[in-house]
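What follows draws every value from the coordinates through simple rules; no lab data is involved. Only a predicted model underlies this, so the values are computations on that prediction, with no experimental measurement involved. Cβ placement follows ideal geometry from the backbone for every residue including glycine, while neighbour counts extend to all protein chains displayed.
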Amino acid sequence: RTVYVNGTYLPENEATISIFDRGFLMADGVYEVTSVLDGKLIDFAGHAKRLERSLNELDMPHPDCLPDLLDIHRELVRLNGIEEGMIYLQITRGAPGDRDFAFPDPATCTPTVVLFTQNKPGLANSPVAKTGIKVISVADQRWARRDIKTVQLLYPSMGKMMAKAAGVDDAWMVEDGMVTEGTSNNAYIVKGNTIITRHLGNEILHGITRAAVLRFAHEAQMQVEERSFSIAEAQAADEAFITSASMFVMPVVEIDGAAVGTGTPGPVAARLREIYLDESRKVAV
Ligand code: PLP
């Protein structure tokens with residue numbers, strides 16, 4: 001596999017990063033994951049915009065290659081022959097000569113930029129979309145700026161491990177009695193004809209897939225309510241689902257051992273998945 005590191009395309013086993021890199025030492029970095037369908041990038045503009053916001057929120061200098069990221073993504077897709085899969089992009093504050101809590105002077109320390117692809121044939125036709133996933137609830141113990149897409153992902157990893165130990169697929173995180181989001185996705189329920197998902201704020205990541213799905217839902221005349229909901233409300237809902245760049249729209253059929261609705265994927269999630277995939281493919285770059 002060919003990867004990209006600081007301006008160079010090279011084989012993955014030749015790619016190196018300094019041990020002083022603040023991404024490594026301090027999780028001082030941000031990232032994006034963009035999916036690839038038919039060899040094209042899904043909603044690249046949305047990911048690029050959120051990336052820039054993440055950099056700005058952390059006062060991280062913009063790397064020189066920022067305007068070229070679309071070309072770099074496309075080149076990596078081409079070099080690795082990706083038809084379906086993902087591209088991971090990470091930018092860290094760089095590698096000053098020493099470990100120091102204070103940010104280094106941008107004049108002497110430039111950001112580190114890394115990209116790699118993950119080949120996932122069949123991503124859009126995942127059989128899991130036909131059966132749905134099961135989740136448990138866990139306390140949300142992340143930091144308070146979840147709107148910034150940083151690489152400090154230890155707690156979401158622990159959430160995934162708690163889900164695995166419970167024999168399910170993922171965890172929905174709960175704070176003050178209300179669901180924030182999944183470990184790596186946004187959470188939704190459906191009641192009657194209304195789609196309910198948590199309002200934006202610092203408590204959740206502003207999903208690029210979320211924004212697109214809500215837009216498509218409005219266009220299809222579906223009702224949308226942006227507000228928080230509890231696990232009890234979700235268990236009593238007609239449907240539940242998640243969204244993310246790599247899962248698209250994925251039904252949730254069980255929460256903390258209780259079946260949601262019929263315990264099988266519902267029509268609203270299925271329709272939104274279809275619309276999302278169709279419409280996103282049309283405008284993929
Ligand atoms: N919420 C969290 C915590 C995430 O990590 C992610 C994606 O990685 C999402 C939501 C979904 O965001 P997107 O639709 O932009 O992939």
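See the values below:
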read-out	value
Ordering of 86-92, 239-245, 207-213 by burial proxy (mean other Cβ atoms within 10 Å per residue, highest first)	239-245, 207-213, 86-92
Unit charges on C-beta of K, R, D, E only; dipole of region 158-285, Debye	360
Fraction of alpha-carbon pairs over 25 Å apart in region 128-282 - percent	21
For region 165-285, with +1 on Lys and Arg beta carbons and -1 on Asp and Glu, the positive-most of Val213, Ala284, Thr197 along the dipole	Ala284
Theoretical ellipticity at 222 nm over the chain - DSSP helices of four or more residues, -39500 (n - 2.57) apiece, nearest 500	-8000 deg cm²/dmol
Part-to-part distance (alpha-carbon centres) for region 99-162 and region 1-41, which is given in Å	14
Packing-based order for 26-34, 93-101, using average beta carbon neighbours within 10 Å, highest first	26-34, 93-101
Under 19 Å, Cα to Cα: Lys pairs in region 128-282, sequence gap 8 or more or different chains	4
Dipole of the chain, positive direction: furthest Cα of Ala166, Gly7, Ser230, with charges on the beta-carbon	Ala166
Computed E for Ala165/Arg215 - FRET, C-beta separation, R0 41 angstrom, nearest 0.05	0.65
Cα-centred dipole magnitude for the chain, charges only on beta-carbon of K, R (+1) and D, E (-1), debye, nearest 20	440
Dipole magnitude of region 2-119, debye to nearest 20 (Cβ charges: Lys/Arg +1, Asp/Glu -1, about Cα centre)	120
